[in-house]
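Below is one structure, written out as structure tokens; comments come after it.
The values are calculated or read from the model by the stated rules, or taken from the named source; none is laboratory data. Quantities reported herein were computed from a predicted structural model and do not represent experimental measurements. We place every Cβ from the backbone using ideal geometry, glycine too, and count neighbours over all the protein chains shown. Surface areas here come from the heavy atoms of the whole protein model, side chains and all, with no ligands, DNA or RNA. Shrake-Rupley method; radii C 1.70, N 1.55, O 1.52, S 1.80 Å.
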Amino acid sequence: MDLETLRIVGFKAAQAGAKALMERFGKFHTVRKKGVIDLVTEADMRAEQAIVEVLAAACPEHAILAEESGRQGGDPAAGQWVIDPLDGTTNYAHHLPVFAVSIAFRSEGRVLLGIVYNPATGERFTAVAGGGAFLNDTPIGVSQTADLGESLLATGFPYDIRERAEGVITVFTRFLKHSQGIRRLGSAALDLCYLACGRFDGYWELNLKPWDTAAGALIVTEAGGRVTDFTGAPYRIERDHILASNACIHDAMLALLSTDR
């Protein structure tokens, strides 16, 4: 399949997942805990099932890596879909409209397609490798803010924050002192997309999984941003930490991350 066909399939899958989420949004949820503050609802499961059904029917040869059900499907060598059916589960469970379906496709270790869709706002972010980034079919690009002190940043706290609070807060405080402000929205996929369209200038986070960042990282890159790990090395979705920016402030952010490390 060519990338345009894959994009169409991916968006159909995202729509199916979004429909499952919106049917239950704002209602009572059965919530269980994967960790002390790591939640999963029945909506996560139903959205993932809906997404997988679309992808498996259209692309039976492809493998699937999904947050809730793990690895399944065909041969990863033929291509792999990386799925987060509900990025922002805690927000969703508390009826906050800051969540998204995130779907990426990769081949030979390279992410080629990214889709992040927030059905509560109707915003759909997409990117195809080499084809730019879009918000609802309108091209987007990162900001041109060159001064970290004038930059609005985003981050997230890891689910094991209670065990590593001191280190996380130390870095948070460091950025707070050197930026215009920091926002914590609770969805890595949307943080990356908001960076891609210029709402944020930089973003960092620890303890992430491939499905958290696969789609969003490509969207940032295609929007003209820079994505690395905390050492400045090229980002891979297997890494558990990420630094993304408009490229202008990236080195300044790296310097703060490397302080005392």
Given H placed on each backbone N at 1.01 Å, which residues far from Leu185 in sequence or on other chains put an amide H within less than 5 Å of it?
Thr155
Applied in sequence order to segment 52-68, the curve 6.51 cos²θ - 1.76 cosθ + 1.60 (Karplus, θ = phi - 60°) yields integer Hz couplings, x standing for Gly and Pro, of 4, 4, 5, 5, 5, 6, 7, 9, x, 7, 8, 7, 10, 10, 10, 4, 8
Can you pull the one-decimal nm distance between simple spin-label points at Asp251 and Thr121, each 7 Å off the Cα toward Cβ?
3.2
Name the long-range amide H neighbours of Glu123: under 5 Å, sequence gap of 5 or more, or other chain; modelled H, no Pro or chain starts.
Asn118
How would Phe125, Phe134 rank on accessible area, largest to smallest, probe 1.4 Å?
Phe134, Phe125
DSSP bridge pairs, segment 120-261: antiparallel proportion in percent, nearest 5:
70
With the other protein chains left in place, how much accessible area per residue, in square angstrom, belongs to the chain at a 1.4 angstrom probe?
43
Quick tally, 1.4 Å probe accessible area for Met253, Met22, sorted with the most first, runs Met22, Met253
Taking 0.36 nm per intervening residue step and subtracting the Cα-Cα distance, what contour gain separates Asp137 from Asp229 on full extension?
30.2 nm
Ordered by residue, what ³J(HN,Hα) values in Hz, to whole numbers, does segment 241-255 give under the Karplus form 6.51 cos²θ - 1.76 cosθ + 1.60, where θ = phi - 60° and Gly and Pro are x?
9, 8, 10, 10, 7, 6, 5, 5, 9, 4, 5, 5, 5, 4, 4
Shape call for segment 72-149, from the Cα gyration tensor axes a ≥ b ≥ c (a/c under 1.5 means rounded, otherwise prolate when a/b beats b/c, else oblate), comes out oblate
Indicate the gyration tensor shape class of segment 215-261 (rounded, prolate or oblate), computed on the Cα atoms with a ≥ b ≥ c the square roots of the eigenvalues: a/c under 1.5 is rounded; otherwise a/b larger than b/c is prolate and the rest oblate.
oblate
Just reorder Lys19, Lys209 by solvent-accessible area, largest first, 1.4 Å probe, all chains present.
Lys19, Lys209
Work out the charge dipole of the chain with +1 on the Cβ of Lys and Arg and -1 on the Cβ of Asp and Glu about the Cα centre, then indicate which of Met1, Phe175, Ala57 is farthest towards its positive end.
Phe175
Please list 3J(HN,Hα) in residue order for segment 193-203, calculated via the Karplus relation 6.51 cos²θ - 1.76 cosθ + 1.60 where θ = phi - 60°; whole Hz, with x for glycine and proline.
5, 5, 5, 4, 9, x, 6, 10, 9, x, 7
5 Å is the cut-off here: which amide hydrogens, built 1.01 Å from N in the peptide plane, fall below it relative to Glu67, excluding neighbours closer than 5 in sequence?
Ile83
Could you give the nm distance between label points at Arg71 and Ala58, where each point is 7 Å from its Cα heading toward the beta carbon?
2.4
What stretch of the chain, leaving out the sites themselves, is the longest with no GluC sites (Glu not before Pro) in a DSSP loop having at most 15 other Cβ atoms within 10 Å?
109-237
What is the dipole size for the chain, taken about its Cα centre, with +1 at each Lys and Arg Cβ and -1 at each Asp and Glu Cβ, in debye to the nearest 20?
460
Quick one: length gained pulling Lys209 to Thr170 fully straight, 0.36 nm per residue minus the C-alpha distance?
11.8 nm
